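First the structure, in the form of structure tokens, and then the observations on it.
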Amino acid sequence: MADIRLEGVGHSYDGGRTWAVKPMTWTWHSSRAYALLGPSGCGKTTLLNIISGLITPSVGQIFFDDREVTGVPTAGRNIAQVFQFPVLYEEMSVYDNLAFPLRNRKVPKQEIDRRVRQVSELLGLDHLLRRRSRRLDAGRQQIVSLGRGLVRAEVAAVLLDEPLTVVDPALKWTLRSKLKEIHRDTGHTLIYVTHDQTEALTFADEVVVLNDGAIVQAGEPAELFLSPAHEFVGHFIGSPGMNVVPAEVVGGVVRVGQSDVGAVTNELPPGPVRIGVRPEFVRITEARTSPGVAAKVTGIDRMGAYDLVHTLVGEHPVIAKTEAGTSYQPDTVEFLHFPADRTFLFRDEVRCGAL
Ligand code: ATP
């Protein structure tokens, strides 16, 4: 296990015209489970391949603890990598596929058997060990591929690139908690690439959010949810994502149109801002007293466990997540309250203050 340190690491596929990964300095700490989360095309796979050595970065240096590995090929980095599409020896049995990385490294036979049985039991593959890989469905093949990445105990890091895409959704929940169990057991440094926030939030000690080739925020799941440092994080995490309403700071007070919605808690120069508040925290109040703002109800989604009340503040949509079975009606005017300490202010998409 090692700290993986990136010093000014970036990668361009077109000679520096555009950056798939913008030069970054960042450390992945030993034994932590990370999710690398971001939308399609934001640079997740490129970053993972830089760490594993499949790609040599255009700029910067990579260190595993104090050892520089920038020019070291994958085989010399002691990394286990699992790809989105299973890479298996189709004619081999599940057992032999799982044992392969260990036999390759001349691990004693007994130890191989112990590890293969341990991993296969955890991943629910124990009854399939004799089956040829090509006779498994795509989901099971992906699980075998995952198992092969996890079978070695002494790797510097395990890198997983969307390892559960074709697995049945119900099984995914089980496998993620198994993966957590395996991680607790082995203490691998684990980096799990996904564009799915549920996958990231349920699995990781720390979620690293990547957008447009740059890390915009990293933290524990609750921190990203409760305290987004960037508008992108507010939108990308949460379902539905954070509401954003243009506003103005005037004399320490935040105004939406003519309405005063709260006081700024920090020294913030006057001027335009964007208010960010999650649907979970928007309160619809009876009392039409300041601070707050009038909003027209445009529709209600009855989700069973909760209601989503859609409103317009001026021309800006704001959703409130309320208890189920509310009696709000479309085309009526309600009053919204944005609670202090759950409402943030953004300038140029970056958080600059709070109510
Ligand atoms: P996805 O979730 O869709 O796999 P990603 O977040 O993993 O996306 P990358 O695959 O790393 O993103 O791609 C980042 C950017 O680099 C994208 O704009 C992509 O088109 C570009 N890119 C990726 N691989 C290559 C390549 N071999 N040649 C040129 N451009 C590439």
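The values are calculated or read from the model by the stated rules, or taken from the named source; none is laboratory data. If you're wondering where the values come from, they're calculated on a predicted model, not measured in any experiment. Note that each Cβ is placed from the backbone with ideal geometry, even for glycine, and that neighbours are counted across all protein chains shown. Only protein heavy atoms, including side chains, enter the accessible area calculation; ligands, DNA and RNA are left aside. Shrake-Rupley method; radii C 1.70, N 1.55, O 1.52, S 1.80 Å.
At a glance:
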quantity	calculated
Members of the stretch 27-57 that are open to solvent by less than 60 Å² (accessible area, probe 1.4 Å), small (Gly, Ala, Ser) and either away from the ligand (no atom under 16 Å from the Cβ) or assigned to a loop (DSSP other than H, G, I, E, B) (or both)	Ser30, Ser31, Ala33, Gly38, Gly43, Gly53
Answer residue from the stretch 327-352, given it is hydrophobic (A, V, I, L, M, F, W, C) and part of a loop (DSSP other than H, G, I, E, B) and is modelled with the lowest pLDDT among those	Ala340
Only listed residue being farther than 23 Å from Gly41 by Cα, of a type in the set (S, T, N, Q), at pLDDT below 90 and more than 16 Å from the ligand (Cβ to nearest atom), chosen from Ser133, Ser145, Ser177	Ser177
Residues that are open to solvent by 50 Å² or more (accessible area, probe 1.4 Å) and within 10 Å of Asp331 (Cα to Cα), drawn from the stretch 286-301	Lys296, Thr298
Boolean, Asp14 is acidic (Asp, Glu) and either within 16 Å of the ligand (Cβ to nearest atom) or closer than 24 Å to Val233 by Cα (or both)	yes
Unmet requirement for Asp341, which otherwise passes all of (1) open to solvent by less than 60 Å² (accessible area, probe 1.4 Å); (2) among the acidic types (Asp, Glu); (3) closer than 17 Å to Met242 by Cβ	(1)
Strands (runs of 3 or more DSSP E) wholly inside the stretch 214-304 that include at least 3 residues being farther than 30 Å from Ala20 by Cβ	243-250, 253-256, 259-263, 271-277, 283-285, 293-302
Subset of the stretch 181-195 [part of a helix (DSSP H, G or I) and open to solvent by 40 Å² or more (accessible area, probe 1.4 Å)]	Glu181, Arg184, Asp185
Residue check for Val72: over 23 Å from Asp14 (Cα atoms), surrounded by fewer than 17 Cβ atoms within 10 Å (Cβ to Cβ) and either aliphatic (A, V, I, L, M) or within 16 Å of the ligand (Cβ to nearest atom) (or both)	no
Selection status of Gly8, assigned to a strand (DSSP E or B) and over 27 Å from Lys180 (Cβ atoms)	yes
Single unsatisfied condition, Lys44 versus (1) under 23 Å from Thr202 (Cβ atoms); (2) modelled with pLDDT under 95	(2)
The stretch 196-213 - residue that is open to solvent by 20 Å² or more (accessible area, probe 1.4 Å) and under 26 Å from Asn78 (Cα atoms) and, of those, nearest to the ligand (Cβ to nearest atom)	Glu206
Options Lys106, Lys22; residue that is open to solvent by 40 Å² or more (accessible area, probe 1.4 Å), within 16 Å of the ligand (Cβ to nearest atom) and charged (D, E, K, R)	Lys22
Selection from the stretch 111-149 of residues that are in contact (Cβ under 8 Å) with a residue 24 or more places away in the chain, open to solvent by 30 Å² or more (accessible area, probe 1.4 Å) and within 32 Å of the chain's Cα centre (by Cα)	Leu122, Arg134, Ala138, Gln141, Arg148
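Residue-wise test of (1) of a type in the set (A, V, I, L, M); (2) within 21 Å of Phe225 (Cα to Cα); (3) touching a helix residue (DSSP H, G or I) at 6+ places or on another chain (Cβ under 6 Å).
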site	(1), (2), (3)
Gly276	no, yes, yes
Phe281	no, yes, no
Arg288	no, no, no
Val293	yes, no, no
Tyr306	no, yes, no
Leu312	yes, no, no
His316	no, no, no
Ala320	yes, yes, no
